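Only the coordinates and a few stated rules stand behind these numbers; no lab work does. Bear in mind the structure is a predicted one, so any value in this text is a computation, not a measurement. Because the Cβ atoms are built from the backbone with ideal geometry, glycine has one as well, and the counts that use them run over all protein chains shown.
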Amino acid sequence: MAKTKNKYRFRLFLWANQFFVSLLLLTYLTPFVPPQIFWPLSIFGFTYPILLLINVLFIIFWLLSLNKNLLYSLLAILIGWNTLNLHFQLKSTDNEIAEQAFKVVSFNVKNLSNNNDKYADINVRSSILNYIEEQNAQFICLQEFQTYPTKEINTVKEFQERLGMPYYAEARYVPSSKFKFVDLMIIYSKYPIIKQQELRFLDKAYALIVDIVYNNDTLRLFNIHLESNHFERNDYEIFSTSDSGLNEETSGQVLSLLEKIARYSKIRNLQVNHIHELIKKTSCPIVICGDFNDTPATYSYHKLANNLKDAFVEKGKGYGNTYNGKLPPMRIDYILSDTIFQIHQFEIEKINLSDHYPIISTLSLSNEN
């Protein structure tokens, strides 16, 4: 009787294992299928770290049971080795930094307040400014930056003066606002900005692009903030509740999440297609920074990172989590560059000043080495 129960228990574990193996394998299709064609695959791009962990736990279970069924999850993980490398880096050493190398900082600063209900928080703003000043970077790309003209607080100039940045470019997310603040994407540079361009969808900016004279070269720097999923407080509750049951309330929350993922993943699809076309037409070296609102196991990342270097993959270490909010940890902020660049360093700074962590990379043009 006991043997029969054990046999049945193992069979249930095997069926569950095969189910989660199937889900993990589906994540490997996500980067190649545009959300406009089949949006449900976008969900698997977000859940890859969770599915990976579940399969690792199955491997441990079968290993402790001395059972060859561990091969199911093990093979599924190995099939997606490239996807694994985009999320985790186990070995990385910094290169000797070239004399003409430059440092880039990208940071979604969450309204300079780290709280959407309390704007113009001088303490948070001061801490963010102090942190960025310490980096002594040549280029700084900020998303969800705010200035407060009605309060006579010009944070654009405040940051420029403290950082010693002679040049900057800004793009309003929306042309006009009924609020007492202005939301911006902004690029600060220690080198001359000679051209500026904005990309907009439904009159909302999602990319700020500048051409910069750097020594004897012209660089094109992209500051990108792709469409978010616009999760609200009620949406986040499903990730923090201890109730695992599915009732009318949680069913409504799940449906709301799915509707938002469907709607906004399709918008990101259109945005990355437009950026990709612009990249193909660009003849000068490019660096892309920003908040993609998508993980490396998604169409957005795959489309934008194609034929480019990913600073985290080149020089990162550990799990590349850049998100500091209420959702599970994930990598959604990036620094990408042309292959002509050499990546010397990359770092994710785990500071609690926003719902994102700042990312920093040091690069140089290969012909300068």
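Bin width 20 Å, alpha-carbon pairs only: give the P(r) of the chain as whole percents, running from 0 to the bin holding the largest distance.
Result returned by the calculation: 27, 55, 16, 2, 0.
At a temperature of 10 °C and a viscosity of 1.306 mPa s, determine how fast segment 2-79 diffuses translationally according to Stokes-Einstein, using the Kirkwood radius over alpha-carbon pairs as Rh; express D in µm²/s, rounded to the nearest whole number. The partial results should precede the final answer.
Numbers: Rh = 13.4 Å.
After rounding, the answer is 118 µm²/s.
What pairs from Lys103/Lys204; Lys91/Lys195; Lys151/Lys190; Lys260/Lys303; Lys195/Lys260 go past 32 Å between their alpha carbons? Before the final figure, lay out each step's value.
Working: Lys103/Lys204 29 Å; Lys91/Lys195 39 Å; Lys151/Lys190 28 Å; Lys260/Lys303 21 Å; Lys195/Lys260 35 Å.
Violating the 32 Å limit, Cα to Cα: Lys91/Lys195; Lys195/Lys260.
Only Cα pairs under 8 Å and at least 6 apart count here; give the relative contact order of segment 61-172 as a rounded whole percent.
Numbers: 81 pairs, mean separation 23.5, N = 112.
21 percent.
I need the peptides 273-282, 181-190, 77-86 ranked by packing, meaning the mean over residues of other C-beta atoms within 10 angstrom, with the highest value on top. Present the calculation step by step, with values, prior to reporting the outcome.
Details: 273-282: 13.7, 181-190: 21.2, 77-86: 15.6.
Result, highest mean first: 181-190, 77-86, 273-282.
Given the Cα-Cα distance of Phe201 and Ile60 and 0.36 nm per residue of separation, how much length would full extension add, in nm?
Fully extending the segment from Phe201 to Ile60 adds 46.1 nm.
Arrange the following residues from fewest to most other Cβ atoms within 10 Å of their Cβ: Arg125, Arg162.
Numbers: Arg125 22, Arg162 13.
Going from least to most buried by this count: Arg162, Arg125.
How much net charge surrounds Gly316 when only other residues with a Cβ under 10 Å from its Cβ are counted (Lys, Arg +1; Asp, Glu -1)?
Details: positive: Lys315, Lys317, Arg331; negative: Asp310, Glu314, Glu347.
Residues near Gly316 contribute 0 overall.
Explain nothing, just the number: relative contact order of the chain, from Cα pairs under 8 Å at least 6 residues apart, as a whole percent. Kindly include the intermediate steps, with their values, before the conclusion.
Numbers: 698 pairs, mean separation 76.3, N = 369.
Computed value for the chain: 21 percent relative contact order.
With everything on Cα atoms, drop me the angle between helix 122-135 and the longest principal axis of the chain, reported from 0 to 90° to the nearest 10.
So the helix axis and the longest Cα principal axis differ by about 80 degrees.
Helix-only estimate, please: 222 nm mean residue ellipticity of the chain, summing -39500 (n - 2.57) across DSSP H runs of length 4 or more and dividing by its residues, to the nearest 500.
Values: 11 runs with 147 residues, N = 369.
That calculation yields -12500 deg cm²/dmol at 222 nm.
Which ordering of Cys284, Cys289, Cys141 is given by a fewest-first count of other beta-carbon atoms within 10 Å? Kindly include the intermediate steps, with their values, before the conclusion.
Values: Cys284 13, Cys289 27, Cys141 30.
With the sparsest Cβ surroundings first, the list reads Cys284, Cys289, Cys141.
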